[in-house]
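This report refers to the structure that appears directly beneath it.
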Amino acid sequence: MNFGFSDEQEHLRGEVRRFLDERCPIDEVRRLADTDVGYCEKLWREIAELGWLGMTTSEAFGGSGLGWVDLIVVLEEMGRSLFPSPIVGHVLAASAIERFASEEQKQRWLPTLASGDCVATLGLFEANDMLEPGGIEARAVPDGDDFVLRGSKRYVPDVEAAGFRVVAACRADSPGLVLALIQGEPEGLAASSHPMIDATRRMGNLDLDDVRVSSEDIVSIEDDAIEALRDLGALLVTADASGAVDAAIQLTAKYAKERIQFEQPIGHFQGVKHPMAEMYTDLESFRSLLYYAGWCLDTGHEDFARYTSLAKAYATDAFVRTGLDSIQLHGAIGFTTDYDIQLFFKRSKWMRPMYGDADFHYERVLALRGV
């Protein structure tokens, strides 16, 4: 059995790396972090033309029809560059439509999302902090041929940048959940971002005050759809973390070779070598879980949920440790804005709660094993 990437996937990785190095080096990342929208619309169009936005979308709907492991390769390289982009929420919204929507709804929306003509996002969670289907309190109330949406969604990625939003709600007329497909800025909808420790990642609140949606833009779903989308989100942010942790280790190793203390590079000292080795061990450990979870998703293997939770839980703790240890190995000067390593630490703080923190996912692993 071949546990490595294919030649095509390695070629893809190299092309993504070259593009990001040329088009969005770390100085550009810093500049974009200070802008109002937090990303570059020109780069968004370029990555859409390269096919990154529709990689996992079926060719019948304008995508490339590739696997989730291929997308993991792209997201790893994006994470390595701390690339500011709404791609995670966008891919989740497109996946929700392809998995659960009608054929007509897929034909209507997926080509537009694959082409990047609009930015999409997915609103699942609410102020109660519950990550299960029972935590959804927003209501979809039938009103003639329409539905009226009432409630609030929290922690929505790129909520202000998105022009198309997929929102989970409860049906008011019968048991069950729906996904509401909301285009533009209809009356009663209010999107607001809130300050983030990682300015390269934007998220915020979506308030729904009698927002009217046509019944043609309502998708009925089962409870397990919420869990599937949450798991998919966990997989995507873990892929981003994999690249970011790798880059943080490389950046710290470079500093350890250049920083001279007692007439030799600090990388010669065991007090530096050992934490560096532990960081690398953590990376390779959760990266293996990530790759296996991606393979499970591509092949429909029953282990997907379990290994996604294992990967997300391990990566969450490992990323925070790597951020802290990397700053410490920079002599704590890494906390200053002049040094790039603090940007990776901030990314770890964003990643930590997204789609479930370590405690949530470790508990879920036990539940999946019947413990």
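Please treat every number below as a calculation from the coordinates, not as lab data. As the structure is a computational prediction, the values presented were derived from the model and not from experiment. All Cβ positions, even for glycine, are placed from backbone atoms using ideal geometry, and neighbour counts span all protein chains on display.
For segment 155-170, backbone phi angles converted through the Karplus equation (6.51, -1.76, 1.60; θ = phi - 60°) give residue-by-residue couplings of 6, 8, x, 6, 5, 7, 6, 6, x, 9, 10, 9, 10, 8, 8, 8 Hz, Gly and Pro being listed as x. Please list, in chain and number order, the residues 5+ apart from A138 or on another chain whose amide H is under 5 Å from its amide H, with Hs placed from the backbone. Answer set, sorted by chain and number: S152, C170.
From the Cα gyration tensor of segment 1-110, with a ≥ b ≥ c the square roots of its eigenvalues, which class applies: rounded if a/c is under 1.5, or else prolate if a/b is larger than b/c, or else oblate? Taking the square roots of the gyration eigenvalues as a ≥ b ≥ c, segment 1-110 is oblate. Normalised by the number of residues in the chain, the average gap of Cα pairs under 8 Å and 6 or more apart makes the relative contact order 15 percent. Computed over segment 146-229, the convex hull of the alpha-carbon atoms projects to a mean area of 5.8 nm². A Förster distance of 41 Å, applied to the separation of the beta-carbon atoms of S192 and R259, puts the FRET efficiency at 0.45.
Over segment 120-221, Cα pairs under 8 Å with separation of 6+ residues give a relative contact order of 31 percent. Between the entries (1) 5, 20, 30, 25, 14, 6, 1, 0; (2) 4, 18, 22, 17, 14, 11, 7, 5, 2, 1, 0, 0; (3) 5, 24, 33, 24, 10, 3, 1, 0, the label attached to P(r) over Cα pairs in 10 Å bins from 0, in percent calculated for this structure is (3). Anisotropy class assigned to segment 130-194 is oblate, per the alpha carbon gyration tensor with a/c at or over the 1.5 cut-off and a/b no larger than b/c. Across segment 224-368, C-alpha contacts under 8 Å between residues 6 or more apart give a mean separation that, scaled by the residue count, equals a relative contact order of 31 percent. In the structure displayed, which of K153/K312; K257/K346; K153/K346; K257/K312; K106/K349; K42/K254 lie more than 29 Å apart, Cα to Cα? From K153/K312; K257/K346; K153/K346; K257/K312; K106/K349; K42/K254, over 29 Å: K257/K312; K106/K349; K42/K254. Rounded to the nearest 20 debye, the dipole size of the chain about its Cα centre is 1100 debye, using +1 on the Cβ of Lys and Arg and -1 on the Cβ of Asp and Glu. Taking amide H positions as modeled 1.01 Å from N, with prolines and chain starts lacking one, the residues under 5 Å from R202 and 5 or more places away or on another chain are D158.
For segment 91-105, the Karplus equation 6.51 cos²θ - 1.76 cosθ + 1.60, evaluated at θ = phi - 60°, returns couplings of 5, 5, 4, 5, 5, 4, 5, 5, 7, 10, 7, 6, 4, 5, 5 Hz by residue, with Gly and Pro reported as x.
Other residues lying with their Cβ under 12 Å from the Cβ of K346 contribute a combined charge of +3, Lys and Arg counting +1, Asp and Glu -1. Given their separation in residues at 0.36 nm each and the Cα-Cα distance between them, E22 and D34 gain 2.3 nm when the chain is fully extended.
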